[in-house]
1. Hey, what did the stretch 49-118 get for relative contact order, percent, Cα under 8 Å, at least 6 apart?
2. When only Cα pairs under 8 Å and 6 or more residues apart are kept, what is the percent relative contact order across the stretch 4-112?
3. From the C-alpha gyration tensor of the stretch 4-112, pull out the three semi-axes of the equivalent ellipsoid (sqrt of 5λ each), sorted largest to smallest, in whole Å.
Amino acid sequence: MKGRKMIRAHGITMLLAVAVHSVTILAVMIPSFYSGLTPHILEKFAKPTSLISIFHGITGLLAWLLGIWIVAVWHLSPSTQACYRKKVAMRFTLVLWLIALILGFIMYLNFYTEFLPL
């Protein structure tokens, strides 16, 4: 949705994406992290699964918080010019989110399939 004419549509899409992401983080990811992974991490801190879980949690949390901040700045700004000044933050957020997504996929493969035993 690039281009000046589509910036509002892009902002609304990102607002919806951050809202849906927030619901999934609060309803699914945080409870499963604390109930299923925290005991495992504390027992076997140096194992690959624990390190991937910690890094996934940190990158995902940072991407989520940056996403909330970017959407809030866009929504509270009277003009779209504030969005253009946040392009570096947007790209950094995208990179963090992609890293968290890949690590989450690796964790899924490890815990729920035989494809990637760590």
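Only the coordinates and a few stated rules stand behind these numbers; no lab work does. Keep in mind that this is a model prediction, so the values were computed, not measured.
1. Values: 50 pairs, mean separation 30.8, N = 70.
The value is 44 percent.
2. It rounds to 32 percent for the stretch 4-112.
3. Values: eigenvalues 205, 34, 24 Å².
Equivalent ellipsoid semi-axes, largest first: 32, 13, 11 Å.
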